[in-house]
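The values are calculated or read from the model by the stated rules, or taken from the named source; none is laboratory data. Please read these numbers as outputs of a predicted model, since none were measured by experiment. Positions of Cβ are backbone-derived with ideal geometry, glycine not excepted, and every protein chain shown enters the neighbour counts.
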Amino acid sequence: MKPVLGVSELRSMVEEAISKIHFPDSPADLYDPITYMLALEGKRMRPVLALAGANLFTDDLSPALSPALGLEVFHNFTLLHDDIMDNAPLRRSMETVHTRWNPNVAILSGDTMFVKSCQLMLEAPDQVVRHVMELFHRTAIEVCEGQQMDMDFETMDDVTISQYIEMITLKTAVLLAASLKTGGMIAGADGESCRHLYEFGKNIGVAFQLQDDILDVFGDMAKVGKVQGGDIIANKKTFLWIRAFELANQDELAELEFWANDPTADSMKKVETITAIYNRIGIREMAEAEMARFFESAMLHLAAVNAPENRKSVLTGFAEKLMVREK
């Protein structure tokens, strides 16, 4: 077997393939937003994972390339519609589609992206295409379930940690898991290895989101590229927020409720006060321990995949890099 391809090489392969996806010129307001959305700079995490999953078992990645692109088109479709729901003005520092065009255009372009993602997934080899599509469609529904849960949480006062973990599993982690398993299935991996690849992706996805929660409050904003405490400002029910409300003493709980329920609160003061409560309770350490638990579970599943150890190095390095992002 040839040397396994690294993440940067896989990403370059994905970028080149995306640049070759062409849509009709007309109607321009349907297709131009899709080209615009796919051209926005991103990590290409899902197609890279699909190809990395395949590369564990084969050097020939060409059968996995179109389905890998399908996963990326689907992911961008979900972002496009999420931006409409959130009324977000920017995506990756560029205007969102509904801002640059309008919400109706964005909805229809997003619908077209979903159809295109299905077409690309159907280019999986004949012997596995039914299994690939079953996994893809189940995952697509789960992502929608996760998004709905996230929206439901906005008006709920009693969200639990287990509910939050379920939400981020569905909204974020299952698509990473499905990407890896798709690559494994296309490359002919055995059923147990595909199962472990899926569980590796799911657990690393949860750990990734928990890391995001931590960085939002405690990260170096100049390196993370976000507004410090954005989740706190938005009363977003993250692991940190939920655990703080569970463990706060009477005085701390009163303070948390005051800041959560005051729409005129000064944002900087709100972040400063709630972060101080997090520090007193030890919320960051709890979140990091939970993140480590999912990371360790992910690595155990990767170890159980029936593939040469040297070929697992890309996924090992990928997982470790996710967990040491700028703090």
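Scan segment 231-254 and tell me whether some residue there is in contact (Cβ under 8 Å) with a residue 12 or more places away in the chain, over 24 Å from His81 (Cβ atoms), of a type in the set (Val, Ile, Thr) and surrounded by fewer than 23 Cβ atoms within 10 Å (Cβ to Cβ).
Checking segment 231-254: at least one residue is in contact (Cβ under 8 Å) with a residue 12 or more places away in the chain, over 24 Å from His81 (Cβ atoms), of a type in the set (Val, Ile, Thr) and surrounded by fewer than 23 Cβ atoms within 10 Å (Cβ to Cβ).
In this structure, does Ser179 turn out to be of a type outside the set (A, V, I, L, M, F, W, C), assigned to a helix (DSSP H, G or I) and surrounded by fewer than 22 Cβ atoms within 10 Å (Cβ to Cβ)?
Values: of a type outside the set (A, V, I, L, M, F, W, C): yes; assigned to a helix (DSSP H, G or I): yes; surrounded by fewer than 22 Cβ atoms within 10 Å (Cβ to Cβ): no.
The answer is no for Ser179.
Note down all Cβ pairs under 9 Å where the first residue falls in segment 111-127 and is under 24 Å from Ala187 (Cβ atoms), the second is among the hydroxyl-bearing types (Ser, Thr, Tyr) and assigned to a helix (DSSP H, G or I), and they're at least six residues apart or on different chains.
Listed by first residue and then by second, the contacts come to Gln119/Ser66; Leu120/Ser66; Met121/Ser66; Met121/Thr182; Leu122/Ser66; Glu123/Ser66; Ala124/Ser66; Ala124/Thr182.
Considering every residue within segment 58-65, establish whether at least one is at pLDDT 95 or above and under 21 Å from the mean Cα position of the chain (by Cα).
Looking only at segment 58-65, we keep the residues that are at pLDDT 95 or above, and these are 58-65.
Restricting the remaining residues to those that are under 21 Å from the mean Cα position of the chain (by Cα) gives 64-65.
Within segment 58-65, one or more residues are at pLDDT 95 or above and under 21 Å from the mean Cα position of the chain (by Cα).
Can you tell me which residues in segment 1-18 are without any contact (Cβ under 8 Å) to a residue 40 or more places away in the chain and in a loop (DSSP other than H, G, I, E, B)? Spell out how you get there, then give the answer.
Of segment 1-18, the ones without any contact (Cβ under 8 Å) to a residue 40 or more places away in the chain are 3, 8-9, 11-12, 15-16.
Matches in segment 1-18: Pro3 only.
Evaluate segment 45-55: report whether one residue or more is over 21 Å from the mean Cα position of the chain (by Cα) and modelled with pLDDT of 95 or more. Reasoning before the result, please.
First, the residues of segment 45-55 that are over 21 Å from the mean Cα position of the chain (by Cα): 55.
Restricting the remaining residues to those that are modelled with pLDDT of 95 or more gives 55.
Yes: segment 45-55 contains one or more residues that are over 21 Å from the mean Cα position of the chain (by Cα) and modelled with pLDDT of 95 or more.
If you check Leu197, Leu180, which single one turns out to be within 25 Å of Gln147 (Cα to Cα) and in the same structural domain as Ala140 (by TED's automatic domain parsing)? Write out each step before concluding.
Values: Leu197 fails: in the same structural domain as Ala140 (by TED's automatic domain parsing).
Just one listed residue meets the conditions, Leu180.
Where residues in segment 295-327 are acidic (Asp, Glu) and assigned to a helix (DSSP H, G or I), which of them is nearest to the chain's Cα centre (by Cα)?
Glu320
If I filter segment 217-225 for residues that are in a helix (DSSP H, G or I), closer than 21 Å to Glu154 by Cβ and modelled with pLDDT of 95 or more, do I get at least one hit? Don't jump to the end; show me each part of the working.
Taking segment 217-225 and keeping what is in a helix (DSSP H, G or I), we get 217-218, 221-224.
Then drop every residue that is not closer than 21 Å to Glu154 by Cβ, which leaves 217.
Subsequent filtering for residues that are modelled with pLDDT of 95 or more retains 217.
Scanning segment 217-225, I find at least one residue that is in a helix (DSSP H, G or I), closer than 21 Å to Glu154 by Cβ and modelled with pLDDT of 95 or more, so the answer is yes.
In segment 261-291, which residues are assigned to a helix (DSSP H, G or I), among the small types (Gly, Ala, Ser) and closer than 25 Å to Val206 by Cβ? Break it down into steps so the answer makes sense when it comes.
Here is the first cut: in segment 261-291, the ones assigned to a helix (DSSP H, G or I) are 261, 267-281, 283-291.
Retained after the next criterion (residues that are among the small types (Gly, Ala, Ser)): 267, 276, 287, 289.
Result: Ala287, Ala289.
Name the residues in segment 19-71 that are assigned to a loop (DSSP other than H, G, I, E, B) and basic (Lys, Arg), would you?
Lys20, Lys43, Arg44
Filter segment 123-176 down to residues that are of a type in the set (Ser, Thr, Tyr) and part of a helix (DSSP H, G or I) and give me whichever is farthest from Pro63 (Cα to Cα). Write out each step before concluding.
Residues of segment 123-176 of a type in the set (Ser, Thr, Tyr): 139, 155, 160, 162, 164, 169, 172.
The next check asks that each one be part of a helix (DSSP H, G or I); those that pass are 139, 162, 164, 169, 172.
Values: Thr139: 21, Ser162: 38, Tyr164: 36, Thr169: 28, Thr172: 25 Å.
Looking at the filtered set, the residue picked out is Ser162.
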